Amino acid sequence: MPRLCETDGLTEDQTEILKAVRTFVEEQIIPVATELEHADEYPQEIVDGLKELGIFGLTIPEEYDGLGESLLTYALCVEEIARGWMSVSGVINTHFIVAYMLMRHGTEEQKKKYLPRMAAGEVRGAFSMSEPGLGSDVSAVKTKAVRDGESWRIDGQKMWLTNGGTSNLVATLVRTGREDGQSGEESPYRSMTTFLVEKEEGFGETAPGLTIPGKIDKMGYKGVDTTEAVFEGYRTTDEQILGGRTGQGFYQMMDGVEVGRVNVAARACGIANRAFELAIAYSQQRETFGKPIAEHQAILFRLAEMATKVEAAHAMMVRAARMKDKGERNDVEAGMAKMLASEYCNEVVQDSFRIHGGYGYSKEYEIERLYREAAFMLIGEGTSDIQKMIIGRSLLKDYKLR
């Protein structure tokens, strides 16, 4: 029996949920993933199946018609789903982040309005922070919301919206300036606000003043739609400000990114686990010099190293999720988990690719898809260099010489 990526201390409910997700992945995702990915086709039937499983409302509290499960449960489900096809985990990731931000920072009216419909999958969330030329410098956000009478007018361009076309609610970070009447130099982080932007699904003008151009063509991460969002006179109201107060957007977004890093770590663990499974199976089937290549010491050592990396990444991901569930700050742990899991994911996938030899370069073999998907883990929710900055700065505070 497979022994990697097992998690101790799970409840009976968590075990049953993971069992259902694992079965769904084996029966509904893995058999069609490569074909859909090569066609860059949105996995509508898979998404509908995830709705029936309750995945879209997995972490939403029961009072808002969700399942009320933990970040750990969600991360373990994502790990299983990414093992089948990473793009499917992307379909639910930004939805989960928006739901999390609403649960943590939304007004009661906003929670009642959106969370039950998000749990049912009727409202699908997207997360919009980045802009062209922005990269990791969030303080350089240029998209602006300007008060105009009783409403706000938003103008600017956002970039890299996962689910940009299929979503109908986008948590969008914009610059608003300060309205507290205080004088003095304005902090760029205190002048940002998150708006809950409603739109229609699809491409083109999805709301008055909001255009979602077509999908961005990507090397991997196919199937899920990644887009821009162009705001030209989009109008909204105070009721759509997350939490009801301006100037809180940066901190709300960073809270969302923190759980997003756990999510990316889980995705990387899932890809790495699948790459290992493919490698150890292929190495027992492929023969050279009269015996399976798994019996050659070079391949055996490589398999041992791959499995160790998969286990280490999984353990760090689980720790980061459990810390967040306890209400503890986990920026360092989430950064460590994301960095280690994404780097190890790429190393494990490359080793699996090498074990497959020439066949690994063929699109007939699943490892070719994983090879392209793994690269995205290095940049999603912040590069490894950004994680190192976050980790290092925090460690300097913790170990500062008195």
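When the charge dipole of the chain is built from unit charges on Cβ atoms (+1 for Lys and Arg, -1 for Asp and Glu) and taken about the Cα centre, the candidate among 375, 54, 280 whose Cα reaches farthest toward its positive end is 375. Of the GluC sites (Glu not before Pro) in the range 100-184, the ones in a loop by DSSP (not H, G, I, E or B) with at most 10 other beta carbons within 10 Å are 150.
Per-residue counts of other Cβ atoms within 10 Å, averaged by peptide: what ranking do you get for 34-43, 52-61, 355-364, highest first?
Numbers: 34-43: 15.9, 52-61: 21.2, 355-364: 14.0.
Per-residue mean Cβ counts within 10 Å order the peptides as 52-61, 34-43, 355-364.
A straight line joining the Cα centroids of the range 365-402 and the range 292-363 runs 13 Å.
Label reach from residue 26 (point 7 Å along Cα→C-beta): in the range 268-282, amide nitrogens under 19 Å belong to 270-282. Here the dipole of the range 297-402 is about 540 debye; that uses its Cα centre as origin and unit charges on the Cβ of Lys and Arg (positive) and Asp and Glu (negative). About its Cα centre, the dipole of the range 217-268 is roughly 240 debye, where the only charges are +1 on Lys and Arg Cβ and -1 on Asp and Glu Cβ. Packing, as the average of other Cβ atoms within 10 Å across residues, places the peptides 394-402, 23-31, 320-328 in the order 320-328, 23-31, 394-402, highest first. Angle of helix 86-105 to the longest C-alpha principal axis of the chain, folded into 0 to 90 degrees and rounded to 10: 40°.
Solvent exposure of the chain amounts to 46 Å² per residue of accessible area, where only protein heavy atoms count and the probe is 1.4 Å.
In degrees, nearest 10, range 0 to 90: what is the angle between the Cα axis of helix 12-24 and the longest Cα principal axis of the chain? In the chain, helix 12-24 runs at an angle near 70 degrees to the longest axis.
Divide by every residue of the chain the summed helix terms, -39500 (n - 2.57) for each DSSP H run of at least 4, and state the resulting mean residue ellipticity at 222 nm, rounded to the nearest 500 deg cm²/dmol.
On the way: 11 runs with 198 residues, N = 402.
Per the formula, -16500 deg cm²/dmol.
Per-residue Karplus couplings for the range 365-373, computed as 6.51 cos²θ - 1.76 cosθ + 1.60 with θ equal to phi - 60°, are listed in order as 9, 4, 4, 4, 5, 4, 4, 7, 6 Hz, Gly and Pro entered as x. For the chain, the longest principal axis of the alpha carbon atoms and the long axis of helix 108-119 meet at an angle near 30°.
Measuring between their Cα centroids, the range 211-278 and the range 1-60 lie 20 Å from each other.
Size of the dipole of the chain about the Cα centre, Lys and Arg at +1 and Asp and Glu at -1 on the beta carbon, nothing else charged, in debye to 20?
On the way: 47 positive and 63 negative charges, 257 e Å.
With only Lys, Arg, Asp and Glu charged at Cβ, the dipole is about 1240 debye.
How many percent of the accessible area of the chain is carbon or sulfur, using a 1.4 Å probe? Walk me through the numbers before you get to the answer.
On the way: 9180 of 18450 Å².
Roughly 50 percent, rounded to a whole number.
Under a Gaussian network description of the chain, with springs only between Cα atoms under 10 Å, the residue in 130, 87, 151 that fluctuates furthest is 151. With unit charges on the beta carbons (Lys and Arg positive, Asp and Glu negative) and the dipole taken about the Cα centre of the chain, which residue among 25, 138, 4 sits farthest to the positive side? Value: 138.
The values are calculated or read from the model by the stated rules, or taken from the named source; none is laboratory data. Here the structure is a predicted model, which means the values were calculated and not measured. Backbone-built Cβ (ideal geometry, glycine too); neighbour counts: all protein chains shown. SASA here: full protein model, heavy atoms, side chains in, ligands and nucleic acids out. Shrake-Rupley method; radii C 1.70, N 1.55, O 1.52, S 1.80 Å.
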